[in-house]
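**Q** Structure below; questions to follow.
The values are calculated or read from the model by the stated rules, or taken from the named source; none is laboratory data. Only a predicted model underlies this, so the values are computations on that prediction, with no experimental measurement involved. Using ideal geometry, Cβ is built from the backbone for each residue, glycine included, and neighbour counts are taken over all protein chains shown.
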């Protein structure tokens with residue numbers, strides 16, 4: 001017998017309610033300290049997050065987009081250099097490339113993993129390529145092991161994959177540098193915007209620190225034209241509070257993904273998320289694929305189950321990026337057309353998962 005969702009199932013099943021007293025206490029402490037820009041809280045978070053990832057340096061910045069722009073410049077990208085990146089990603093990956101003065105060159109993705117491959121990257125390389133930006137999308141990890149010997153600086157966009165691993169190493173430690181966003185919906189999120197650059201390279205870290213602070217180390221001598229992009233102490237304090245919970249939260253997400261399979265979601269005609277080989281997915285989003293995805297999403301919404309499409313218009317077809325588009329990207333077009341995100345989060349109960357699967361069965365029967 002098909003069971004319908006009798007109560008709404010939100011797309012994001014996460015809650016910080018139990019942490020509110022501790023959050024309020026930490027915010028009050030930082031507010032009373034008078035140290036609100038950089039300072040000891042940011043220094044401490046940078047050390048703790050670097051240690052968690054297994055890298056030498058973490059540089060806190062204002063948001064994930066600035067992290068990408070600053071990291072590209074710190075890696076030596078200069079005006080008119082080419083940067084290879086996927087089109088199936090959030091717009092900021094390409095936007096930051098243009099803001100760094102570079103030319104985005106869009107490569108294709110594997111529609112099953114939603115990530116670039118060695119083959120798709122190599123097809124986009126030219127003598128002008130100065131950097132590659134593989135994106136760890138939806139909590140999956142790009143195949144960084146396969147890309148490492150191409151001979152071009154690798155900037156890992158790990159904004160959606162905090163805590164994920166590839167071959168035992170953390171996302172954020174797999175390239176010459178990496179970037180994170182701490183937007184509230186991320187697996188490790190703050191109470192507003194925030195971002196970070198991580199690297200083992202001393203010079204990249206030093207350059208990023210100057211660029212985030214007006215191109216200066218001392219407020220007196222400005223050696224580069226930089227940015228005003230610093231992680232707030234209030235955000236750093238909250239991130240320090242929540243970082244110890246990240247692995248537990250990610251395991252809850254993986255358990256929810258396993259429950260979807262155990263309840264038979266893969267038997268209904270949906271292509272379930274497929275991790276990159278050797279990757280430990282953290283399911284920032286639970287994104288499946290189906291040919292009539294929009295019809296399925298509408299049918300799910302009618303039953304009270306939230307579902308959403310992501311990046312239906314990939315970046316290379318966005319109005320601001322059309323001047324940079326060239327060549328066909330069939331994997332990207334397939335991923336953009338067929339994806340649908342189902343409810344996921346740290347608080348997604350088994351009965352809610354069962355209700356989502358039942359609603360999917362009804363929805364897919366209706367659109368077949």
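**Q** Within the bounds of the stretch 72-82, is there any residue that is in contact with a strand residue (DSSP E or B) (Cβ under 9 Å, 6 or more places away or on another chain), touching a residue at least 12 places away in the same chain (Cβ under 8 Å) and on the phi > 0 side of the Ramachandran plot?
**A** Scanning the stretch 72-82, I find at least one residue that is in contact with a strand residue (DSSP E or B) (Cβ under 9 Å, 6 or more places away or on another chain), touching a residue at least 12 places away in the same chain (Cβ under 8 Å) and on the phi > 0 side of the Ramachandran plot, so the answer is yes.
**Q** Scan the stretch 295-320 for residues that are part of a helix (DSSP H, G or I) and farther than 23 Å from residue 86 by Cα and jot them down.
**A** Selection gives 295, 296, 297, 298, 299, 300, 301, 302.
**Q** From the set of residues in the stretch 82-105 that are part of a loop (DSSP other than H, G, I, E, B) and surrounded by fewer than 18 Cβ atoms within 10 Å (Cβ to Cβ), which is nearest to the chain's Cα centre (by Cα)?
**A** The selected residue is 91.
**Q** Would you be able to tell me the number of residues in the stretch 321-368 that are under 27 Å from residue 104 (Cα atoms), assigned to a helix (DSSP H, G or I) and in contact (Cβ under 8 Å) with a residue 40 or more places away in the chain?
**A** 10
**Q** Follow-up. Outside any strand (DSSP E or B), in contact (Cβ under 8 Å) with a residue 40 or more places away in the chain and in contact with a helix residue (DSSP H, G or I) (Cβ under 9 Å, 6 or more places away or on another chain): does that describe residue 282?
**A** yes
**Q** Here is a check on your reading of the model: is residue 220 in the same structural domain as residue 46 (by TED's automatic domain parsing) and either touching a residue at least 60 places away in the same chain (Cβ under 8 Å) or in contact with a helix residue (DSSP H, G or I) (Cβ under 6 Å, 6 or more places away or on another chain) (or both)?
**A** For residue 220, the condition - in the same structural domain as residue 46 (by TED's automatic domain parsing) and either touching a residue at least 60 places away in the same chain (Cβ under 8 Å) or in contact with a helix residue (DSSP H, G or I) (Cβ under 6 Å, 6 or more places away or on another chain) (or both) - is not met.
**Q** Using the structure shown, decide if residue 241 is touching a helix residue (DSSP H, G or I) at 6+ places or on another chain (Cβ under 6 Å) and either without any contact (Cβ under 8 Å) to a residue 24 or more places away in the chain or within 30 Å of residue 364 (Cα to Cα) (or both).
**A** no
**Q** Is it true that some residue in the stretch 231-241 is surrounded by fewer than 15 Cβ atoms within 10 Å (Cβ to Cβ) and within 28 Å of residue 14 (Cβ to Cβ)?
**A** no
**Q** Identify, please: which residue in the stretch 106-123 is touching a strand residue (DSSP E or B) at 6+ places or on another chain (Cβ under 6 Å) and surrounded by fewer than 23 Cβ atoms within 10 Å (Cβ to Cβ) and is, among those, farthest from residue 82 (Cα to Cα)?
**A** If we take residues in the stretch 106-123 being touching a strand residue (DSSP E or B) at 6+ places or on another chain (Cβ under 6 Å) and surrounded by fewer than 23 Cβ atoms within 10 Å (Cβ to Cβ), then 117 is farthest from residue 82 (Cα to Cα).
**Q** Here is a further query. Any chance the stretch 28-41 includes a residue that's assigned to a loop (DSSP other than H, G, I, E, B) and free of Cβ contacts under 8 Å to residues at least 12 places away in the same chain?
**A** yes
Condition check ((1) outside the structural domain of residue 59 (by TED's automatic domain parsing); (2) surrounded by 24 or more Cβ atoms within 10 Å (Cβ to Cβ); (3) under 11 Å from the mean Cα position of the chain (by Cα); (4) within 19 Å of residue 54 (Cα to Cα)) across all residues:
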site: 143; (1), (2), (3), (4): no, no, no, yes
site: 161; (1), (2), (3), (4): no, yes, yes, yes
site: 166; (1), (2), (3), (4): no, yes, no, yes
site: 174; (1), (2), (3), (4): no, yes, no, yes
site: 181; (1), (2), (3), (4): no, yes, yes, yes
site: 191; (1), (2), (3), (4): no, no, no, no
site: 197; (1), (2), (3), (4): no, yes, no, yes
site: 216; (1), (2), (3), (4): no, no, no, no
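**Q** Give the number of residues within the stretch 272-291 that are surrounded by fewer than 19 Cβ atoms within 10 Å (Cβ to Cβ) and either under 21 Å from residue 355 (Cβ atoms) or at pLDDT below 95 (or both).
**A** Matching residues across the stretch 272-291 total 1.
**Q** OK, next. Answer yes or no: is there a residue in the stretch 257-271 that is in contact (Cβ under 8 Å) with a residue 12 or more places away in the chain and within 16 Å of the chain's Cα centre (by Cα).
**A** No, every residue in the stretch 257-271 fails to be in contact (Cβ under 8 Å) with a residue 12 or more places away in the chain and within 16 Å of the chain's Cα centre (by Cα).
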